[in-house]
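Some notes on the structure that comes next.
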Amino acid sequence: MSTRSKLTAVAAAAALALTACGGGDAGSGSASTTGTSSGAFPVSVEHKYGTTEIKAEPTKVVTLGLSDQEPVLALGVKPVGVVDWFKERPYGNWPWTKQLWGDTQPEIVGERDEYNLEKVAALKPDLIVAVYSGMNQEQYDTLSKIAPVVAQPKGFVDYGAPWQEQTKHIAKALGKSAKAQELIDGVAKRFADAKAAHPEWSGKTVVVADSFKPGEYSAFAPTDPKAIFMRELGFTLVDEIGALAGERNVAQFSEERFDLLDADRLVWLTSDVAAQERVKAVPAYQRLDVVTGKRDLFLTYMDPPIGAAMSFNTVLSVPYGIDQVVPLLEQIKS
């Protein structure tokens, strides 16, 4: 079924859910899952598609951004509906969220920017969050018939808002801005402590790369979360990567441009060990100074999920990433 057909089909279901955001019953949802109301409501949140008013503290939240469930969880609310990004079920495997989910298993309501709107409506949410998303105007308009929708932050391209801004944006909708700032400050201290403990990283250039299939390579632009993660540890990102990437989050190239990888540090994020061995076997790669100097580092997206933590780039996943990456970087002495 096309997106437009889905939007039409959900109209009736959306009408049934309008009471979730109506003024008359708003008081019944004033207590959060933490058991106390913040007293901050009503609140208005500006976003890409306008301003959304949230009349009472939300208790039934559906998250449609790829990682939006994590700041919501961090702020003490368990979403009733989520999307699946890494095919691992968002409540399942991540070590940085398992304890917060507990035995809760939210409904899976879609994947990347493809939402099952009937499932969303059936959950009768009182707030829909689509911050780390590519939600379009048509989707926003239809979802707004189900519940108040907090869309992507203004001033950023889709998927381009820093994790700090995402956390603040979501926290305002939940009436938990003070808690969000506390969490953000805690993660910032983690970065600052790691950076202070390793002054030798300051000024060293770094490239974060990936290769999904033979002969095709990508380096993440300075605007990508995985590159920003390394910058927060004190490294310097390579301007040429950003220039080549343009408005995209990656610069794509072939083996003829392996010179782009020859930085002081090279961090690979790969799907598995087989992909790592494939890259290492390329003669042109073996000749790079960063390789002969043993300054390259291979990480996996899964098993352990270091790359996933850096990709999710949330107030919950970033600390896990720091704990995993810093000891590995410390092993590179040159």
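Please treat every number below as a calculation from the coordinates, not as lab data. From a predicted model like this one, the values you see are computed outputs, not experimental measurements. So basically every Cβ, Gly included, is an ideal-geometry build from the backbone, and we count neighbours across all protein chains shown.
Observations
- Euclidean distance between Cα centres, region 125-203 to region 296-320, Å: 18 Å
- P(r) tail fraction, the chain - alpha-carbon pairs more than 36 Å apart, %: 25 percent
- Spin-label pair LYS294/ARG257, simplified geometry with 7 Å Cα→Cβ offset, distance in nm: 3.1 nm
- Straightening the chain between ALA281 and SER334 buys 16.8 nm, computed as 0.36 nm per residue apart minus the Cα-Cα spacing.
- The chain - percent relative contact order, Cα under 8 Å, separation 6 or more: 15 percent
- For the chain, the membrane-span-like helices by this rule, meaning whole DSSP H stretches whose C-alpha atoms cover at least 15 Å of axis and whose Kyte-Doolittle mean is -1.0 or above, are 163-174, 177-197, 317-330; this says nothing about an actual membrane.
- Net charge of Cβ neighbours under 15 Å - reference VAL273; Lys, Arg +1; Asp, Glu -1: -3
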